[in-house]
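Nothing in this text is a laboratory measurement; each read-out follows from the coordinates by a stated rule. Quick caveat: nothing in here was measured; it's all calculated off a predicted structure. Cβ sites come from the backbone with ideal geometry, for glycine too, and all protein chains shown count toward neighbours.
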Amino acid sequence: MLRGGAFFAIGLRDWWMPPNAAAHGVAVDRLMRWDVAAMAACFLLANILLVWLFLRQRRPPSAPSTWRVELIPLGVLVAVYIAMAVTAEHLWARERFEGAAPTALHVEVVGQQFQWYFHYPGADAAYGQSRPQLVNAALGNPIGLDPADRHGKDDIVASELVLPVNREVDLQLRSLDVIHGFFVPEMRLKQNAVPGATLHVHFTPIREGTYPILCSQVCGSGHARMQAHTRVLSQSAYDAWLASRTKKAMS
Ligand SMILES: [Cu+2]
């Protein structure tokens, strides 16, 4: 019996969202719980009313009181949906339109069928120019960095997103071909990468660990394997990773 209970608990845990690992995720989770609770209450209320009105119709109809009863759940629903839209929009806009702090770490995320690339600006803090005609993954230049640009000399292009814990990150997303969806469930982060546009999202990872990165837009036949991961490290481990990659980029 106990084993069955534990199994049920694990199933329930996996059914719900994965543990949050980002600073803004606390507010997202709170909103999500509130929204689900509000929708469950509305669903229950609607069904109770449905049954009640159905049973009432068996008596001689009393039209005036029936439409007044319908107005109550309608009013409640309108109020709940307006509250949901305003709170969600506010939360989304804060992450999307209020820029990251000047001290944030900058990483460019490039989506291409069917791979994510992570471009770090290196020690000079400036991204090297990239050109579409230079894109050649087989030759080790998947995002088309221009070898003639001195800013690109120390740039790092990785296939995993490595981040220090408790530091804000400003990601700029772009795509080399079709629309991809950059999705990190544990970071409560989802933003499309759109060809021809550079879109910013910023967040602060608060828990060390390795978290999956998925593509949330059906972007072609290899969409299901368009996966990467983000590794959130302590500052010293991140510095060591950066130093090892910088040496490789410079050599
Ligand atoms: Cu994709």
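Within the chain, DSSP assigns beta bridges of which about 70% are antiparallel (rounded to the nearest 5). The gain in end-to-end length when the C42 to N166 segment is fully stretched comes to 40.8 nm, 0.36 nm per residue minus the alpha carbon separation. Computed from backbone phi, the HN-Hα couplings of region 108-115 come to 8, 10, 10, x, 8, 4, 10, 8 Hz, rounded to whole numbers (Karplus: 6.51 cos²θ - 1.76 cosθ + 1.60, θ = phi - 60°; Gly and Pro given as x). To the nearest 10 degrees, how steeply does helix 63-96 sit against the main Cα axis of the chain, on a 0 to 90 scale? That works out to roughly 10 degrees. Lys/Arg Cβ at +1, Asp/Glu Cβ at -1, dipole of the chain taken about the Cα centre: which of F183, A40, A22 is farthest positive-ward? Working it through, the farthest residue towards the positive pole turns out to be A40.
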